[in-house]
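No lab work stands behind these numbers, since they all come straight from the coordinates. Computed from a predicted model, the values in this text were never measured in an experiment. Because the Cβ atoms are built from the backbone with ideal geometry, glycine has one as well, and the counts that use them run over all protein chains shown.
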Amino acid sequence: MISYLAAEALLANDITSGEDQFYERLCHASKGGFGIMVEMTQEACFRAIRAGRSELASRHFANEYESNSSNPDLNIFRSPDWREITSTYDNHK
């Protein structure tokens, strides 16, 4: 899904499967909701495009989470203790 959406946005997918448990973090951040994962990926793509990037990277997801979380200091994509964080991601504010 991430590769497909990145390609549709004309971005290279710069996320590797071993990138510090990225996919597990994405699933945790989205509370296991597939639709939320898709929306978060789309928003991360938009962030990459606005930043003038040609690739989609995990930092775009981290920035998206931070901007749409009620507690941005506890970022699932940046914290080493991410499993202990309850996701507060909500891009429908």
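One table, with the values for the structure above:
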read-out	value
Inverse of mean 1/r across different Cα pairs in the chain, Kirkwood, Å	13.0 Å
Net charge over other residues, Cβ less than 13 angstrom from the Cβ of Asn71 (K, R count +1; D, E count -1)	-3
Environment charge of Arg83, counting only residues whose C-beta is closer than 12 Å and scoring Lys/Arg +1, Asp/Glu -1	-2
Dimensionless Rg ratio for the stretch 16-55, taking C-alpha atoms and the 2.2 N^0.38 Å reference	1.25
Cβ-Cβ FRET estimate between Ile49 and Thr86, R0 fixed at 30 Å, reported to 0.05	0.50
